[in-house]
Every structure is written in structure tokens, then in C-alpha cells.
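K.L.:
Structure incoming, see below.
Just so it is clear, none of the values below were taken in a lab; they were calculated from the coordinates. Predicted model only: the values in this text are computed from it and were never measured. Here the Cβ positions follow ideal geometry from the backbone for every residue, glycine too, while neighbour counts run over all protein chains shown.
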Amino acid sequence: MREYLIKGIEKIGVDISKESIEKLLKYFQILKEYNSHTNLTAIRDDKGIIEKHFLDSLLVQKNILKYIKGNEKAIDIGTGAGFPGMVLAIVNTNIQFTLLDSVGKKTKFLEITKKELSLENVEIINDRAENYINGNREKYDFGFCRGVSKLNVILEYEIPFLKVNGRFFPQKLEYEEELKEAENALKVLNSEYIEVYNEKLPYSNDKRVILNILKKSKNDEKYPRKNGRPLKKPL
Ligand SMILES: C[S@@+](CC[C@H](N)C(=O)[O-])C[C@H]1O[C@@H](n2cnc3c(N)ncnc32)[C@H](O)[C@@H]1O
């Protein structure tokens with residue numbers, strides 16, 4: 001899988017150090033082994049895991065590079081088995097990452113991976129976004145989120161964690177409809193849609209999009225609402 005990953009990285013056109021590539025490959029091995037006894041991802045074939053998880057996360061890397069100065073704080077909400085957050089943490093050792101997920105078996109796997117790879121820039125939190133916000137409001141420069149829910153829901157999870165002028169980069173398969181539905185959420189959360197990055201996975205050419213959303217001013221502390229409200233009754 002080494003060649004498949006390296007070729008994919010070349011096709012995307014993103015610069016990844018040799019050391020990070022070794023860590024990505026080790027992460028891939030740990031994930032495969034763990035997934036053989038504990039269900040973390042439905043994608044089980046090697047090439048599928050590399051392309052749909054690892055390379056997909058690196059599409060984000062390509063598009064956020066221009067915003068990285070070093071020493072930023074980033075949060076990935078609903079990170080699951082670590083996508084995109086763990087991949088981004090491996091390739092950006094100068095950014096402090098919080099990987100958040102409400103499911104204990106996923107955060108346990110992430111703890112093992114963090115230890116095996118000696119990742120000092122990663123903290124793993126087993127909690128829901130609606131609870132973890134206490135004490136962590138407006139602390140992060142970058143927010144990430146893939147596959148958790150529709151845009152109007154994840155905006156409410158993510159934006160309150162961001163500093164003013166922080167950016168949220170959600171990944172989607174398509175976005176027009178969701179963006180329209182999220183008009184009110186953007187307004188209520190004092191945020192603005194800036195642009196979209198239209199990407200393709202490097203081997204299958206499947207379409208992927210990454211949105212760039214800017215937080216413009218502070219949020220009312222009532223967001224995110226508790227008791228599953230963001231999902232049950234989106235803004
Ligand atoms: C479909 S998985 C996606 C995982 C990963 N981001 C990926 O793309 O492979 C969604 C994850 O979001 C987590 N999740 C959903 N709502 C959440 C919330 N409010 N707070 C924290 N985690 C949440 C779930 O536990 C699950 O692991």
C-alpha cells in the first residue's frame with residue numbers, strides 16, 4: 001500500500017514529509033488490525049481505506065495550507081476512526097488537534113494510535129460536542145467535520161468552538177442544497193460561506209467538496225443547544 005499512498009499523494013499534489021508518510025502507513029496498519037475485531041469503518045479493502053479515508057483527508061490538507069501559520073488549534077468533531085483529524089494531525093505537527101467523538105470504542109482506538117505513533121499534538125476526547133463546549137468555547141482556529149450530519153447541524157456543533165476569524169472546513173459529497181438549507185444557521189451563528197473547493201479522489205475520480213466558512217463575530221452562548229436539539233430541530 002506504500003506505493004498506492006505515495007502515488008495518490010503525488011496525484012493530489014500535496015507535499016508530505018517522509019516521516020509523516022511512515023506514520024500514515026503505520027496508522028493504516030493499526031486501523032486494519034483493529035477493524036478486524038472492532039467495527040470502526042465499513043470500508044475494508046486496502047485501496048478503499050487509503051483512498052476514501054487517507055487521501056480524502058489529504059484533499060483538505062491541500063486546501064488549508066494557505067491558512068496555516070503554525071501553533072494553531074484545530075478540532076475535528078465526530079472524528080470516528082480519525083478522519084480527517086488524525087491524518088491532518090500527522091501531517092501538521094505544528095498544529096494542536098482535538099479529536100472529538102461520542103463513541104468510546106472509537107476514542108479508545110484513537111488513544112492507541114496516538115500512543116503507537118507518539119503524537120504529541122493530539123488530544124482525544126470522548127464526549128458530545130454539545131457537552132464539550134463547556135470550557136472550550138471560541139478556543140479553536142480551525143474546525144473539521146466529515147460524515148457527521150447535514151451542514152445546518154454541524155455548523156451548530158462547530159462554530160461555537162471557533163475563535164472570531166476562525167475557519168470551518170466541512171467535507172461534503174455535494175453542497176448546493178445543504179448550503180441553501182444552512183442559510184439561517186450561518187446567520188444565527190454569525191458566519192459566512194466564503195468559497196468551495198471542488199476536488200476529486202485521485203484514483204476513482206469521485207467528486208468531493210470542501211467548504212470554507214468564516215466565523216465573523218462571537219456566538220450567543222445558548223449554541224450549541226443541548227439534548228440533541230441541533231439534530232432534531234436544525235437552525
Ligand atoms: C459517520 S461517522 C464519521 C466519522 C469520520 N469523521 C469519518 O468521516 O470517517 C460520524 C461520527 O460522528 C460522531 N458524532 C455524531 N454526533 C456527534 C456529536 N454531537 N458529538 C460528537 N461526536 C458525534 C459519531 O459517534 C460517529 O463516530
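K.L.:
Just the Cα atoms of segment 2-232, one point each, no solvent: what log10 I(q)/I(0) does Debye give at q = 0.12 Å⁻¹?
P.N.:
Each listed q corresponds, in turn, to -0.61.
K.L.:
Right, here's the next one. Which length gain, in nm to one decimal place, applies between Ser36 and Lys66 when the Cα-Cα distance is subtracted from 0.36 nm times their residue separation?
P.N.:
7.0 nm
K.L.:
Still on this structure, please answer the following. Which of the residue pairs Lys18/Lys52; Lys47/Lys115; Lys7/Lys62; Lys73/Lys172 have a Cα-Cα distance greater than 18 Å in the structure shown?
P.N.:
Correct reply: Lys18/Lys52; Lys47/Lys115; Lys73/Lys172.
K.L.:
Any chance you could run the full-extension gain for Lys233 through Asp127? It's 0.36 nm times the residue separation minus the Cα-Cα distance, nm to one decimal.
P.N.:
Full extension of this stretch gives 36.1 nm more.
K.L.:
Run the quick spin-label model on Glu3 and Val164: label points 7 Å from Cα toward the beta carbon, then report their separation in nm to one decimal.
P.N.:
5.4 nm
K.L.:
Something else about it: With an 8 Å Cα cut-off and a minimum separation of 6 or more residues, compute the relative contact order for the chain in percent.
P.N.:
Reported as a whole number, the value is 17 percent.
K.L.:
Hey, what D do you get for segment 116-225 in µm²/s if you plug the Kirkwood alpha-carbon radius into Stokes-Einstein at 37 °C and 0.692 mPa s?
P.N.:
After rounding, the answer is 222 µm²/s.
K.L.:
Can you compute the modelled spin-label distance between Glu195 and Glu22, with each label point 7 Å from Cα toward Cβ, in nm?
P.N.:
It is 3.6 nm.
K.L.:
What distance in nm lies between label points placed 7 Å from Cα along the C-beta direction at Asn134 and Val103?
P.N.:
Placing both labels 7 Å beyond Cα along the Cβ direction yields 2.5 nm.
K.L.:
Then there's this: Once each part is reduced to its C-alpha centroid, what is the distance from segment 176-197 to segment 50-93 in angstrom?
P.N.:
Result: 22 Å between the Cα centres.
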